[in-house]
Amino acid sequence: MLEAIDYFLSGISHAFTWYNMLLILVGMLLGTFLGALPGIGPPLAVALLLPMVFGMDPIPALMLILGVYNGGVYGGSITAILINTPGTAGSAATTIDGYPMAQKGQAGMALGAALSASVVGGLISSVIFILVALPFGKFTLKFGPSELFLLILVALATVSRLAGKYPIKGLIATGIGCLLAYIGFDRITGFTRFDFGIRLLEDGLDLLVVLIGWFAVTEVMFLVSRKTETISTTGLEKGGILKGVLQVFRYPKNLLTSSAIGAFVGAVPGIGMAIANFVAYATAKDGSKHPEKFGTGYIEGVIAPEASNNAVTGTSLIPTLVLGIPGNPTTAVMLGALMILGLRPGVGLFTTRPEIMSSMMVGLIIIQFAMLLTGLLTLRYYQMVTKVNIAVLSPIIIAVSFVGAFIARYNCYDLLIAVILGLLAYGMRKAEYPVVCAVLGFVLASELEVNYHRALMASRGNLGTFFGSPICTVIIALGLLVYLWPLMKRLMLKLRTSGS
Amino acid sequence: MLKKISANLKDYEVLMLVIWFIFIFVLLFQALNINTRGRQFPLLIALVTLVLVMAQSFTHFRIACKSELGSPVGGTTELEDVKGNKEEAAFTRKRLLGFVGLLFIYWILIRIFGYYTSTFVFLAACMWHLGYKKKITLLITSAATVVMIYLLFSWAFHLRMPQGLLF
């Protein structure tokens, strides 16, 4: 532990320069803006920077990249709150409570809460990164396909908490999301499935296109069918941003639990922030004093996903830097950036280039404060979106979303798919099927299948592989607890009331 | 009979159930042509979802039969819209159908004229359709949006935009 702190302190002199501070601020502003554009997201935002960092010194270049990465993750929540369109899958759960808050004129408060929760989540994650990067990096190597399969199965338990009033509809939506994810190439056999002879479907449906269809197109359809002129039906609440920033600290349990979930998920390679925000949301709902308020525009429903998705950023660097295994698409691009900068990720990086690692650690902490600063300065302008005339806003959202859908694979037919999926989601929302459950199904289905088959292949078909290791046992116990928790909670409440 | 079916399909609840049934049956049929390993998960999930859709259909129609009006419970339905305010429902339907039509036209225009020209036309037409009638502001907003998108994506980030047959 002391060694880690020593390491951190040595990085201060390398990271704390005016040039680096400026680059962090630029990266943060750029990342937040690009993350807020539907379809761009952190991986593309970081990828767009690669030509710029080529030839730069490694430390300033990494500061810029880290700024864009963190800003990009946070930026995704801005559109999730303002126009019900998450910039990334990591902000999908933020729409559940963030958008209803914006509709109630509390966009500023929701944005402030998201900012504050993101900063706290990011800080916790950075501290974990500093303290346990090396030992935890080695521990995550023990997560094989069977452990990942079980972890994803546990994450699926969140469906029942996201479904709200109609659990069967939630399960149907999850099933439909899963089935849509199976369209295209089977990653295990290499054959195509459910492509109906259409060449376009051979590659399957891109997550970005699905998100744009299910959120952006659908939301715009709902907006145009409304008689009101703006998203916010009431005036904007004054001083909402600061209020939101401070309100977060009234829910320390939610904040810490969600950050811990995000930090853990981030450290395990192959599990993305899409899972973290849903699991954190469900956990927060379970542990809240007012679970009935979730989904109606409740601030706790914004805090949980936002703290968790930003908590992923710091710890996702652990497998990337320590093992050279990127945990998510953004860190995969970052891995490429490191190589462009002439750095070889791995345990050796700690000894061969200690100044790089230590300045990254310091940089991560500075970035969180830069996020707070840029957020406080810019959010008041972002929230104005809810006061723009819907007749003007709706076509602009579609035009920008179409760019996002197109650049996902540079295919014009993806735009058509986004529109068709948008129509489907419109019907789903009208019939009160929770679209977020479908997103969860879509994100998890193929990972679940791939890890199941990989585990069986590695164990030569032995199903005992899912119960063999101590990690599996812990995950199964955790899963049982998660699945049975609502039942246990009801039972405990019954016992308490009958006792009194 | 046909009238009854058409009225039922206007109900989103019934419409979605029909879509799910068709979608799942098509996938189940397709799954038969996939090798054993490749179809395990899709088949399992399709069957589970089918059972759930059947359960939901049963619940829905049981409640619908019980209620005097026969209108379904749960879900915002087109029937409720009409009942609430006929004029508003007609307004909503017209606006929405027009917008969806414009989306498809936009896609076709992109295929012919490329992204920028089509986007300008779409923005102007859509704003007009949605009730924004200030012609000059409408044209300036459309042009400014296109220029902003060009500067950000094409000029700053060198991203390739959808190209049409003509441009």
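Yes or no: the range A:122-135 includes at least one residue that is under 25 Å from A:Tyr382 (Cα atoms), buried (at least 24 other Cβ atoms within 10 Å of the Cβ), in contact with a helix residue (DSSP H, G or I) (Cβ under 6 Å, 6 or more places away or on another chain) and touching a residue at least 12 places away in the same chain (Cβ under 8 Å).
yes
Taking the criterion of being within 14 Å of A:Gly404 (Cβ to Cβ), at pLDDT 85 or above and buried (at least 24 other Cβ atoms within 10 Å of the Cβ), would at least one residue in the range A:63-74 satisfy it?
Yes, there is a match, as at least one residue in the range A:63-74 is within 14 Å of A:Gly404 (Cβ to Cβ), at pLDDT 85 or above and buried (at least 24 other Cβ atoms within 10 Å of the Cβ).
Residue under question is A:Pro329, and the condition is that it be surrounded by fewer than 24 Cβ atoms within 10 Å (Cβ to Cβ) and closer than 23 Å to A:Val46 by Cα; does it hold?
Working: surrounded by fewer than 24 Cβ atoms within 10 Å (Cβ to Cβ): yes; closer than 23 Å to A:Val46 by Cα: yes.
When the stated conditions are applied, A:Pro329 passes them.
Among the residues of the range A:250-294 satisfying the criterion of being closer than 13 Å to A:Asn310 by Cβ and not aliphatic (A, V, I, L, M), which is nearest to the chain's Cα centre (by Cα)?
Filtering the range A:250-294 for residues that are closer than 13 Å to A:Asn310 by Cβ and not aliphatic (A, V, I, L, M), the one nearest to the chain's Cα centre (by Cα) comes out as A:Asn277.
Filter the range B:113-143 for residues that are farther than 22 Å from A:Gly422 by Cβ and surrounded by fewer than 18 Cβ atoms within 10 Å (Cβ to Cβ) and give the result.
B:Gly114, B:Thr117, B:Lys133, B:Lys134, B:Lys135, B:Ile136, B:Thr137, B:Leu139, B:Ile140, B:Ala143, listed by residue number.
Every residue in the range A:423-436 that is in a helix (DSSP H, G or I) and either farther than 15 Å from A:Gly177 by Cβ or within 7 Å of chain B (Cβ to nearest Cβ) (or both), please.
The first filter runs over the range A:423-436 and keeps only residues in a helix (DSSP H, G or I), leaving A:423-430, A:435-436.
Scanning the range A:423-436 gives A:Leu423, A:Tyr426, A:Gly427, A:Met428, A:Lys430.
Considering only the range A:16-31, I want to know if a residue exists there that is under 26 Å from A:Ala399 (Cβ atoms), in contact (Cβ under 8 Å) with a residue 24 or more places away in the chain and among the polar types (S, T, N, Q).
Taking every residue of the range A:16-31 in turn, none turns out to be under 26 Å from A:Ala399 (Cβ atoms), in contact (Cβ under 8 Å) with a residue 24 or more places away in the chain and among the polar types (S, T, N, Q).
Say we look at the range B:22-69 and pick out the residues that are under 24 Å from the mean Cα position of the chain (by Cα) and more than 29 Å from A:Asn451 (Cα to Cα); which of these is farthest from the other protein chains (Cβ to nearest Cβ)?
B:Ile22
Does A:Val443 qualify as being assigned to a helix (DSSP H, G or I), touching a Lys or Arg at 6+ places or on another chain (Cβ under 6 Å) and within 26 Å of A:Phe143 (Cβ to Cβ)?
no
Exactly one condition in (1) in contact with a Pro (Cβ under 7 Å, 6 or more places away or on another chain); (2) part of a loop (DSSP other than H, G, I, E, B) is false for A:Lys289; which is it?
(1)
Look through the range B:89-110, keep the residues that are touching a helix residue (DSSP H, G or I) at 6+ places or on another chain (Cβ under 9 Å) and of a type in the set (D, E, K, R), and return whichever of them is farthest from the other protein chains (Cβ to nearest Cβ).
Within the range B:89-110, the match that is farthest from the other protein chains (Cβ to nearest Cβ) is B:Arg93.
Of the residues that make up the range A:437-449, is at least one facing another protein chain (nearest Cβ under 7 Å), in contact (Cβ under 8 Å) with a residue 40 or more places away in the chain and of a type in the set (A, V, I, L, M, F, W, C)?
Scanning the range A:437-449, I find no residue that is facing another protein chain (nearest Cβ under 7 Å), in contact (Cβ under 8 Å) with a residue 40 or more places away in the chain and of a type in the set (A, V, I, L, M, F, W, C), so the answer is no.
Output the residues belonging to the range B:20-39 that are closer than 22 Å to A:Ala438 by Cα and among the basic types (Lys, Arg).
B:Arg39
Please verify whether A:Thr88 is over 30 Å from A:Thr351 (Cα atoms), polar (S, T, N, Q), in contact (Cβ under 8 Å) with a residue 24 or more places away in the chain and touching a Gly at 6+ places or on another chain (Cβ under 8 Å), treating the condition exactly as stated.
Yes, satisfied.
Just to be sure, is A:Ile176 touching a helix residue (DSSP H, G or I) at 6+ places or on another chain (Cβ under 7 Å), at the interface with another protein chain (Cβ under 10 Å from one of its Cβ atoms), touching a residue at least 40 places away in the same chain (Cβ under 8 Å) and part of a loop (DSSP other than H, G, I, E, B)?
In short, no.
Specify the residue that is farthest from the other protein chains (Cβ to nearest Cβ); the eligible residues are those in the range A:373-391 that are closer than 17 Å to A:Leu30 by Cβ and of a type in the set (A, V, I, L, M).
So, considering only residues that are closer than 17 Å to A:Leu30 by Cβ and of a type in the set (A, V, I, L, M), the one farthest from the other protein chains (Cβ to nearest Cβ) is A:Leu373.
Taking the criterion of being within 11 Å of B:Leu103 (Cβ to Cβ), surrounded by fewer than 24 Cβ atoms within 10 Å (Cβ to Cβ) and facing chain B (nearest Cβ under 9 Å), would at least one residue in the range A:400-410 satisfy it?
no
Which condition number in (1) more than 7 Å from chain B (Cβ to nearest Cβ); (2) surrounded by 20 or more Cβ atoms within 10 Å (Cβ to Cβ); (3) not aliphatic (A, V, I, L, M) is the one that A:Ser394 fails?
Result: A:Ser394 passes all but (1).
Looking at (1) modelled with pLDDT of 85 or more; (2) in contact with a helix residue (DSSP H, G or I) (Cβ under 7 Å, 6 or more places away or on another chain), which is the only condition A:Pro167 fails?
The failed condition is (1).
Name, by its number, the condition in (1) more than 11 Å from chain A (Cβ to nearest Cβ); (2) modelled with pLDDT under 90 that does not hold for B:Phe113.
With respect to (1) more than 11 Å from chain A (Cβ to nearest Cβ); (2) modelled with pLDDT under 90, B:Phe113 is out only on (2).
Report yes if A:Thr218 is exposed (fewer than 15 other Cβ atoms within 10 Å of the Cβ), within 13 Å of another protein chain (Cβ to nearest Cβ), out of contact with any His (no Cβ under 6 Å at 6 or more places or on another chain) and in contact (Cβ under 8 Å) with a residue 24 or more places away in the chain, otherwise no.
Considered against the rule, which asks whether it is exposed (fewer than 15 other Cβ atoms within 10 Å of the Cβ), within 13 Å of another protein chain (Cβ to nearest Cβ), out of contact with any His (no Cβ under 6 Å at 6 or more places or on another chain) and in contact (Cβ under 8 Å) with a residue 24 or more places away in the chain, A:Thr218 comes out as no.
Given the criteria under 30 Å from A:Ile396 (Cβ atoms) and modelled with pLDDT of 95 or more, does B:Ile105 qualify?
yes
Please enumerate the residues belonging to the range A:322-339 that are part of a helix (DSSP H, G or I), touching a helix residue (DSSP H, G or I) at 6+ places or on another chain (Cβ under 8 Å) and farther than 17 Å from A:Gly67 by Cβ.
Once the filter is applied, which keeps residues that are part of a helix (DSSP H, G or I), touching a helix residue (DSSP H, G or I) at 6+ places or on another chain (Cβ under 8 Å) and farther than 17 Å from A:Gly67 by Cβ, the range A:322-339 yields A:Val322, A:Leu323, A:Pro329, A:Ala332, A:Leu335, A:Gly336.
With respect to A:Ala370, is the statement that it is in contact (Cβ under 8 Å) with a residue 24 or more places away in the chain, within 25 Å of A:Gly112 (Cα to Cα), among the aliphatic types (A, V, I, L, M) and part of a helix (DSSP H, G or I) true? Lay out the reasoning, then the answer.
On the way: in contact (Cβ under 8 Å) with a residue 24 or more places away in the chain: yes; within 25 Å of A:Gly112 (Cα to Cα): yes; among the aliphatic types (A, V, I, L, M): yes; part of a helix (DSSP H, G or I): yes.
Judged against the criteria, A:Ala370 is a match.
The values are calculated or read from the model by the stated rules, or taken from the named source; none is laboratory data. Just so you know, these numbers come straight off a predicted model, no measurement behind them. So basically every Cβ, Gly included, is an ideal-geometry build from the backbone, and we count neighbours across all protein chains shown.
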